[in-house]
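*Asks:* Below is the structure I would like to discuss, written out as structure tokens.
The values are calculated or read from the model by the stated rules, or taken from the named source; none is laboratory data. On a predicted model such as this, the values are computed, not experimentally measured, just so you know. Because the Cβ atoms are built from the backbone with ideal geometry, glycine has one as well, and the counts that use them run over all protein chains shown.
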Amino acid sequence: MSLNLIRPALRTNEVKYAIRDITVLANKVAKTGKEMLYLNIGDPNAYDHVTPRHIIDAIYKAMLDNHNGYSASSGIKAAVDAIERDANKKGIENIKDIFVTTGASEAIELCVSALVDKGENILLPNPGYPLYSAIQSKLEMFDNPYYLDESNGWQPDIEDIKSKINDKTRAIVIINPNNPTGSICKENTLRQVIDLALEHNLVIFADEIYDKQIFDEKKHVSIASLNKEVPVITFSGLSKNYIAPGFRIGWGVVSGDGKRLEQYIEAINKLLRARLCANHPMQYGIVPALEGDHSHLKLLLEKLERRRDITMEMLATIPGISLVEPEGSFYAFPSIDVKNDWHFTEELIKETGVVIVPGQGFGQKPDTSHFRIVILPTEEVLRKSFKLIAEFLEVYKKKYE
């Protein structure tokens with residue numbers, strides 16, 4: 001009797017997520033008993049960072065008060081109001097809608113789904129967070145990456161963006177601070193992106209979930225604060241700044257010309273209503289997070305800046321590796337002199353137990369190789385990992401290149 005296989009949807013064929021995909025190999029290696037050193041997952045709670053107690057207490061109280069049913073599709077009023085006040089502090093005006101979602105990831109997917117039809121495209125930064133390319137594949141969108149300029153501190157390459165805009169382009173994504181490079185967009189760069197969006201009737205998707213993790217007292221500018229007419233959706237959430245990725249609470253703030261945005265906002269809300277709501281009791285963590293004690297941020301930044309410095313110091317001593325200094329978030333994206341960064345990553349994990357993510361998973365210019373690391377682990381883990389990477393790279397190049 002022949003076996004009739006269940007064929008999956010074709011739209012799933014190109015869905016990839018390197019950050020999680022690489023853990024399949026890491027889990028196999030871990031089962032052999034090898035010591036594993038994880039530099040791959042951007043989850044602060046997996047290391048020595050703890051969710052602020054006052055946020056947890058507020059959620060616990062909400063559960064005891066029986067806020068355990070459905071909420072309004074866009075979120076509870078207190079949370080929406082707090083998000084608006086926070087956006088206003090960043091200079092964002094002309095806000096037309098705010099919605100709370102199951103992580104910023106859901107907000108991003110809903111907003112792309114409500115805007116882009118099959119065969120259309122959005123401009124995605126390369127390197128950039130792989131969620132966007134996964135959504136792109138799922139929605140059968142046309143691939144349209146633009147490059148960040150490594151020689152210019154990983155700033156978006158404006159000329160490259162101009163050359164990629166076509167009659168099927170609907171939006172441009174700005175990740176600021178950037179995942180995976182840790183770069184921060186300069187104000188002049190953001191203003192040029194705004195000009196292109198206005199000229200070509202594009203929506204700007206501003207992923208700013210790391211906006212409070214800025215190093216060396218540098219300044220972060222929200223792109224929506226620079227022009228109150230351009231259509232922008234600014235994404236953020238509790239996961240990174242407030243050390244609570246497992247809460248799965250994010251949001252989107254829609255700003256810009258209301259007449260131009262009216263139909264699009266209604267389309268987003270149709271999808272919001274169709275999926276009911278984000279986790280109701282967890283939404284009660286938003287007000288204390290945004291408007292409560294922020295002392296955890298000072299401690300987090302002190303740790304991250306120190307670990308960034310260690311990363312810069314140690315990688316600078318490894319021949320074949322160079323790194324543009326991260327200015328924010330908790331990532332670094334070193335370039336590496338190997339032919340295939342995916343193969344290098346696999347062999348590194350198998351031989352040393354050091355888990356990184358290959359640059360291919362984030363997009364990069366042809367004929368370049370990189371890898372992403374998180375600077376969340378302890379100083380001891382970082383130092384041990386970089387020492388192993390240095391020793392392994394020397395062996396790898398002799399063996400494979």
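*Asks:* Among the residues of region 214-245, write down those that are under 13 Å from the mean Cα position of the chain (by Cα) and over 23 Å from residue 109 (Cβ atoms).
*Replies:* none
*Asks:* Something else about it: Answer yes or no as to whether residue 204 is assigned to a loop (DSSP other than H, G, I, E, B) and under 17 Å from the mean Cα position of the chain (by Cα).
*Replies:* Details: assigned to a loop (DSSP other than H, G, I, E, B): no; under 17 Å from the mean Cα position of the chain (by Cα): yes.
It is false that residue 204 is assigned to a loop (DSSP other than H, G, I, E, B) and under 17 Å from the mean Cα position of the chain (by Cα).
*Asks:* Checking residue 48 against (1) out of contact with any Ser or Thr (no Cβ under 9 Å at 6 or more places or on another chain); (2) of a type in the set (Asp, Glu); (3) touching a residue at least 60 places away in the same chain (Cβ under 8 Å), only one condition comes out false. Which one?
*Replies:* Among (1) out of contact with any Ser or Thr (no Cβ under 9 Å at 6 or more places or on another chain); (2) of a type in the set (Asp, Glu); (3) touching a residue at least 60 places away in the same chain (Cβ under 8 Å), residue 48 violates only (1).
*Asks:* Only residues in region 121-142 that are closer than 18 Å to residue 21 by Cα and touching a residue at least 60 places away in the same chain (Cβ under 8 Å) count as the first member; pair them with residues that are part of a helix (DSSP H, G or I) and of a type outside the set (Lys, Arg), Cβ under 6 angstrom, at least 6 apart or cross-chain, and list the lot.
*Replies:* Qualifying pairs under 6 Å: 130/18; 130/361; 131/105.
*Asks:* Hand me the list of strands (runs of 3 or more DSSP E) wholly inside region 46-155 holding 3 or more residues that are closer than 30 Å to residue 9 by Cβ. Talk me through it step by step, then tell me what you get.
*Replies:* Working: elements: 95-102, 121-126, 145-149.
Qualifying strands (runs of 3 or more DSSP E): 95-102, 121-126.
*Asks:* Right, next: If you go through region 323-334 one residue at a time, do you hit one that is over 22 Å from residue 216 (Cβ atoms) and modelled with pLDDT of 95 or more? Let's see the steps before the verdict.
*Replies:* Applying the first criterion (over 22 Å from residue 216 (Cβ atoms)) to region 323-334 yields none.
No.
*Asks:* Let me ask you something else. Could you list, in sequence order, the residues of region 349-381 that are surrounded by fewer than 23 Cβ atoms within 10 Å (Cβ to Cβ) and part of a helix (DSSP H, G or I)?
*Replies:* Scanning region 349-381 gives 350, 351, 352, 360, 379, 380, 381.
*Asks:* Could I ask something else about it? At least 3 residues that are among the small types (Gly, Ala, Ser) and assigned by TED's automatic domain parsing to the domain that holds residue 70 in each: list the helices (runs of 4 or more DSSP H) lying fully within region 209-317 that qualify. Spell out how you get there, then give the answer.
*Replies:* Numbers: elements: 258-274, 286-291, 295-315.
Qualifying helices (runs of 4 or more DSSP H): 258-274.
*Asks:* Within region 363-371, can one find any residue that is under 30 Å from residue 15 (Cβ atoms), modelled with pLDDT of 95 or more, among the aromatic types (Phe, Trp, Tyr) and assigned by TED's automatic domain parsing to the domain that holds residue 23?
*Replies:* Yes, region 363-371 contains a residue that is under 30 Å from residue 15 (Cβ atoms), modelled with pLDDT of 95 or more, among the aromatic types (Phe, Trp, Tyr) and assigned by TED's automatic domain parsing to the domain that holds residue 23.
*Asks:* Residue check: is residue 147 within 23 Å of residue 40 (Cα to Cα) and under 15 Å from the mean Cα position of the chain (by Cα)? Talk me through it step by step, then tell me what you get.
*Replies:* Values: within 23 Å of residue 40 (Cα to Cα): yes; under 15 Å from the mean Cα position of the chain (by Cα): no.
No, not satisfied.
*Asks:* For residue 192, are the conditions met, namely being in a helix (DSSP H, G or I), touching a residue at least 12 places away in the same chain (Cβ under 8 Å) and either more than 19 Å from residue 294 (Cβ to Cβ) or touching a strand residue (DSSP E or B) at 6+ places or on another chain (Cβ under 6 Å) (or both)?
*Replies:* Values: in a helix (DSSP H, G or I): yes; touching a residue at least 12 places away in the same chain (Cβ under 8 Å): yes; either more than 19 Å from residue 294 (Cβ to Cβ) or touching a strand residue (DSSP E or B) at 6+ places or on another chain (Cβ under 6 Å) (or both): yes.
In short, yes.
*Asks:* Restricting the search to region 319-339, which residues are surrounded by fewer than 19 Cβ atoms within 10 Å (Cβ to Cβ) and either among the aliphatic types (A, V, I, L, M) or over 24 Å from the mean Cα position of the chain (by Cα) (or both)?
*Replies:* 319, 320, 337, 339
*Asks:* If residue 248 satisfies every condition in (1) under 21 Å from residue 132 (Cβ atoms); (2) surrounded by fewer than 16 Cβ atoms within 10 Å (Cβ to Cβ); (3) basic (Lys, Arg) but one, which is the exception?
*Replies:* All conditions pass for residue 248, except number (2).
*Asks:* With 183, 225 as the choices, which residue is small (Gly, Ala, Ser) and buried (at least 22 other Cβ atoms within 10 Å of the Cβ)? Break it down into steps so the answer makes sense when it comes.
*Replies:* On the way: 225 fails: buried (at least 22 other Cβ atoms within 10 Å of the Cβ).
Unique residue meeting the criteria: 183.
*Asks:* So, one more: Take the residues of region 129-156 that are surrounded by 20 or more Cβ atoms within 10 Å (Cβ to Cβ) and in contact with a Phe, Trp or Tyr (Cβ under 6 Å, 6 or more places away or on another chain): which is nearest to residue 359 (Cα to Cα)?
*Replies:* Among those that are surrounded by 20 or more Cβ atoms within 10 Å (Cβ to Cβ) and in contact with a Phe, Trp or Tyr (Cβ under 6 Å, 6 or more places away or on another chain), it is 130.
*Asks:* Let me ask something else. Restricting to region 22-49, give me the number of residues that are surrounded by 14 or more Cβ atoms within 10 Å (Cβ to Cβ) and within 25 Å of residue 133 (Cα to Cα).
*Replies:* The number of residues fulfilling the criteria is 11.
*Asks:* Considering every residue within region 169-187, establish whether at least one is without any contact (Cβ under 8 Å) to a residue 24 or more places away in the chain, outside any strand (DSSP E or B), of a type outside the set (Lys, Arg) and out of contact with any Pro (no Cβ under 6 Å at 6 or more places or on another chain). Spell out the reasoning first.
*Replies:* Keep residues of region 169-187 that are without any contact (Cβ under 8 Å) to a residue 24 or more places away in the chain, which gives none.
No: zero hits.
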